[in-house]
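**Student:** First the structure, then my questions, so here it is.
What follows is calculated from the coordinates using simple rules that are stated; it is not laboratory data. It should be emphasised that the depicted structure is a prediction, and the values quoted were computed from it without experimental measurement. Cβ placement follows ideal geometry from the backbone for every residue including glycine, while neighbour counts extend to all protein chains displayed.
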Amino acid sequence: MKKKILLFAGDFVEDYELMVPYQAMLSIGIEVDVICPDKKSGDIIATSIHDFVGFQTYQELRGHNFVINKTFTEVQVSEYDGLFITGGRAPEYIRLNNKIIEFTQHFFSNNKPVAAICHGIQVLTAANVIEGRTLTCYDAVGPEVILAGGNYKKVGPADTVLDRNLVTSPAWPGNAALLSEFYKLLGVKISL
């Protein structure tokens, strides 16, 4: 059975945290609907590239344009098998949208697979769905996890943390591991 994923994005989403998972899921036949509040299919969002180049935090550079492929107001959340939440700056403001919160809560209340990376965990903290769960995120988001009742686990940038239906990673170097665990949660098997 073909799987269908809902993916949250927005302007200045981290480029690799959108492009890599989106294309990887498409390449194995997963249908992926990318949405952003107040955007419709065909609208463009800007991505950003985050890299560490000697400053105390990452530097943000302009990335690519990405074309949204699903109109936000047309989403029927019950149609989706899983949720993928990207990072970058987008989560800090998309989490202010009530529908984003409702959609996120749907996946948790129905025990559907959820993958979140980097700052994407800010959507989870705003949705009040991580109490008692162990997860990881970008270090600067760790205090939010703790305040939301979650157990923050610091891991390497290419690692993941799995807790029931939720898999998380701190940054884009974790894309491969995050997707691998997400596929398992979805019941997707890839054989060579």
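**Student:** In region 121-189, which GluC sites (Glu not before Pro) are in a loop and have at most 13 other Cβ atoms within 10 Å, using DSSP for the loop call? Provide the component values of the computation, followed by the final result.
**Tutor:** Details: sites: GLU131, GLU144, GLU181; in loops: GLU131.
For GluC sites (Glu not before Pro) across region 121-189 that sit outside H, G, I, E and B with at most 13 neighbouring Cβ atoms in 10 Å, the list reads GLU131.
**Student:** Follow-up question, since we're still on this one. Lysine pairs in region 4-186 with Cα distance under 20 Å, only those 8 or more apart or on different chains: how many are there?
**Tutor:** 13
**Student:** While we're on this one: Could you give me the ³J(HN,Hα) list for region 113-124, computed from phi with Karplus coefficients 6.51, -1.76, 1.60 and θ = phi - 60°, whole Hz, x at Gly and Pro?
**Tutor:** Working through the residues one at a time gives x, 9, 10, 9, 10, 6, 6, x, 5, 4, 5, 5 Hz.
**Student:** Between PRO91, SER78, ASN111, whose Cα lies farthest towards the positive end of the dipole of region 52-132 when Lys and Arg beta carbons carry +1 and Asp and Glu beta carbons carry -1, centred on the Cα centre?
**Tutor:** PRO91
**Student:** Let me ask another. LYS3: which aspartates and glutamates have alpha carbons under 12 Å from its alpha carbon, excluding same-chain residues fewer than 8 sequence positions away?
**Tutor:** Qualifying aspartates and glutamates at Cα under 12 Å: GLU31, ASP33, GLU79, ASP81.
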